[in-house]
Amino acid sequence: MLTLIQYNDPGYLTKENLSPSEAATLVKEDFINWIDVEITSQTYVDDTAGLFNIHHLIAEDILNTDQLPKFELFDDHLFFSTKMLSFDADEDQIMEEHLSVVMCKSLVITFQEGLPGDAFNELRKRIQLSKGLIRKYKEDYLFYHILDAVVDHYLQIMETLRTRIEQLEARSLADPSYDVMQQVIEIKKDINILRKYTVPMRDALNKMRVEADHFIQKSSINYFQDVADHLLYLITSFETSREMLKDLMDLHRSNQNSEMNRVMKTLIVVSAIFIPLTFLAGVYGMNFRYMPELNSQWGYPLTIGAMVGVAMIMALYMRIKRWF
């Protein structure tokens, strides 16, 4: 399924559910044309590539959804691929969708895997309502907004993960027995997914800014620098978050050790109280023939009383010493 959005300063038009051939006939050079392709089959990619003279190597890269972000430059168009990421709160995991962008004169084509939703709803509204400069600038400005929308979703995910780390830290301080290890491992996995795509995307963007100067106008260079700054901020946030997770794991281990020490102290106190009682019970359990206390009327209650008294004295002594 193809969606065509055409616009310039005074005009705006959108058409949905087009075939590649229909979209090709509607493209106008005096408009900025954004064709959004939802990949439902390889035929869609091959037909679109053939109609718009897209290099066959790009068509192969579009279909290869397992690759990392990359940038390639050709004579009359450039190619940029990356990942759109979103956080599914219901599944509690990061969802990935491969995104490929081809840009040439007055035309931007985006290829998505066809999963529900994307990162461009706000961008479509800006174009429709003519917010900001979007309808006054050329195709490179649209290309910038596409990359910026993808990176904004990265930032939102990173903020969500940082909030979860802070909540775990507060929970761990409030309840030392709370087990945070499983959640820490899950957050580290999500951060690694973000890092996996952020670093190559920054490298690809820096390469594009150097090599694609005849595709990107000087007035748009600062906008791409802004995207690069956001990616740099993300990379810095990864290191900060990893340190926070490390501190959280250290706090969890410290809480575990404290809990273990408390249990051991309790066991030691109980053992210390019962040591003299065990001695007394052992003495009167030796069954010698001549033990005068065994024949005494008060032998048994005196022995029990002695045991209770010794236990109370031991417990009082340890309490005074604040051993428990």
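Read the figures in this text as sums done on the coordinates, not as results from a lab. As the structure is a computational prediction, the values presented were derived from the model and not from experiment. Here Cβ is always computed from backbone atoms with ideal geometry, including for glycine, and neighbour counts include all displayed protein chains.
Roughly what would the spin-label model give for M264 and D92, points 7 Å off Cα along C-beta, in nm?
So the two model labels end up 3.3 nm from each other.
Looking at the chain, what % of the alpha carbon pairs are farther apart than 24 Å? Before the final figure, lay out the partial values.
Working: 34676 of 52326 pairs.
So the portion of pairs separated by more than 24 Å is 66 percent.
Using 7 Å Cα-to-Cβ label points, what is the Q297/N222 separation (nm, one decimal)?
10.9
Under a plain spin-label model, where a point goes 7 Å from the Cα along Cα-to-Cβ, how far apart in nm are L133 and I304?
Output for this residue pair reads 9.5 nm.
Starting from the Cα-Cα distance between M1 and R171, subtract it from 0.36 nm times their residue separation and give me the gain in nm to one decimal. Kindly include the intermediate steps, with their values, before the conclusion.
Working: separation 170, 0.36 × 170 = 61.20 nm, distance 4.70 nm.
Full extension from M1 to R171 adds 56.5 nm.
Please state the charge dipole magnitude for the chain, taken about the Cα centre, from unit charges on C-beta atoms (+1 on K and R, -1 on D and E), reported in debye and rounded to the nearest 20.
Result for the chain is approximately 2240 debye, rounded to the nearest 20.
So what is the calculated 222 nm ellipticity per residue for the chain, using -39500 (n - 2.57) for each DSSP H run with n of 4 or more, over all residues, to the nearest 500 deg cm²/dmol?
Working: 8 runs with 189 residues, N = 324.
Rounded to the nearest 500, it is -20500 deg cm²/dmol.
Taking only complete DSSP H runs, can you tell me which helices of the chain stretch 27 Å or more along their own long axis by Cα positions and average at least 1.0 on the Kyte-Doolittle scale?
Helices meeting the criterion: 299-320.
Can you give me the Cα centroid spacing of region 178-229 and region 32-92 in angstrom?
One Cα centre to the other: 18 Å.
Go ahead and collect, in residue order, the members of region 126-159 whose backbone nitrogen is under 15 Å from a label point 7 Å along the Cα-Cβ direction of L13.
Under cut-off, by backbone N: nothing.
How much FRET efficiency would the formula 1/(1 + (r/R0)^6) give for I275 and R253, where r is the Cβ-Cβ distance and R0 is 30 Å, rounded to 0.05? Can you show the working numbers first?
Details: r = 32 Å, r/R0 = 1.08.
Between I275 and R253 the formula returns 0.40.
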